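Okay, so here's the structure we're looking at.
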Amino acid sequence: MPLLLGVGLVWYSLSKISIPTLIQYFKDADYTWIVLGVSLGILSHMSRAYRWLFMVEPLGFKPKFGNSLMGVYAAYLINFTIPRAGEVARATILKNYEDIPFDKGFGTIVAERIADTIMLLLIVCIAFFLEFEFIYTFFKGKFNSTSLVLVGVLMFLGALLLFLFIRKGRSKFALKVKGFVFGLLEGALSIFKMKKKWAFIGHTLFIWAMYVLMFYVTTFALPELQNITLAAILIGFILSSFSIAATNGGIGSFPEAVVIAFSLFGMADDPSRAFGWIVWSTQTLIIIVIGGLSLLYLPIYNRKKSIV
C-alpha cells in the first residue's frame, strides 16, 4: 500500500511540474552544495553505525564497524521495498555475521529509534517555538481531537491485551513470545547500561545536526531558495522526515512534503518541488549504490568467518 501511494504521489508531483522544467532545475543547480549535502548525509550514516557499537557493548558483543555500517545502508535500501523491513534485515545481518541474537540486536535498533524519535520531537519543539502560528494552523486542518483520542484508546487496549498475554500465557507459543519480548527489552534497555553514554548522546546530536545541515546546505543549490528562513528549513525538514515513513523511503511524498512546508512561507511551488526532488533523488542514489554494494560485499568482508 505505501508503495502504491508513493507511485500515485510521483504521478501527482510530476503533474504539477513539467519534466523539462524539473530537468532544467537539475541542470542549473549548483552541485557543489549538492555534493556537500550528500557528504553530510554519509557522515550521519557513519555516525549512526558507530553509535550502535555503544549499544551492544553492554550485551557482551564487539561487532566490526564495517558490518555495522554496511548493515545500516542495507537496511535503508531494503526499506525502499517494504517499509520497516530494513530494521529486521539489519538485525538479521548482525545475527549472521556477528552472532548477535536477533531479538537483542533488534532491541538495540528499537532503542536507536527511540533516541531518534526524541531528537525529532526536540526539533519539532524548536520549530513550534519559532513558528507556532504556522504549524498550529497546518495541523489543525489535518487532525481532530476525536480521531486522536480514538487512536490512543485502541493503542492502550492493544498494549493491555499484549501485556496480559505475555504475563499469563503458558503455551509454547506464549513462552516464545515472552522470550522474544524480553530479548527486545534487554536490547532496548541497553541504552541505560552503556559505559559511554555521553559519546552516545554526542553521536545522536551529531547525526541529527548532519540531517538538518544536509537539508539546509542543499537549498543553496537553487538561487530561488537562498533567502529561505530557518523556520522554513525546520518545518520542511520535519514534514519531509515524516514523509519517509508515509511511503517507501519517501518516494513521491518527500517532494510534496517540502512543497507543503515551503508554501506556508509563501515560496513558489516549482523551486520547492524541484528542491524536494533534488534532495530525495541524490540521497536515494547514494543509498542504492552503497546499500547495494554493502549487500554484495558483506559475504566477502566476512569470508574468514564463513571459512572458520
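Cross-link partners for residue 196 among the aspartates and glutamates, with Cα-Cα distance under 18 Å and sequence neighbours closer than 8 places in the same chain left out: 57, 112, 116, 186.
List the residues of the stretch 36-70 whose backbone N lies under 16 Å from a point placed 7 Å from the Cα of residue 301 along the Cα-to-Cβ direction. Inside the label zone: 42-54, 62-70. The stretch 1-48 to the stretch 211-276: how many Å between their Cα centroids? Result: 10 Å between the Cα centres.
I'd like the trypsin sites (Lys or Arg not before Pro) in the stretch 30-115 restricted to DSSP loop residues with at most 15 other Cβ atoms within 10 Å, sorted by number.
Answer by residue number: 64, 84.
Can you list the aspartates and glutamates whose alpha carbon is less than 19 Å from that of residue 27, not counting same-chain residues fewer than 8 positions off? Reachable aspartates and glutamates: 224, 269, 270. Distance from a point 7 Å along Cα→Cβ of residue 84 to each backbone N in the stretch 235-268: keep the residues under 17 Å and list them by number. 242-250, by backbone N distance to the label point.
Taken together, the values in this text are just the output of simple stated rules run on the coordinates, not laboratory data. All of these numbers come straight from a predicted model, not from anything done at the bench. All Cβ positions, even for glycine, are placed from backbone atoms using ideal geometry, and neighbour counts span all protein chains on display.
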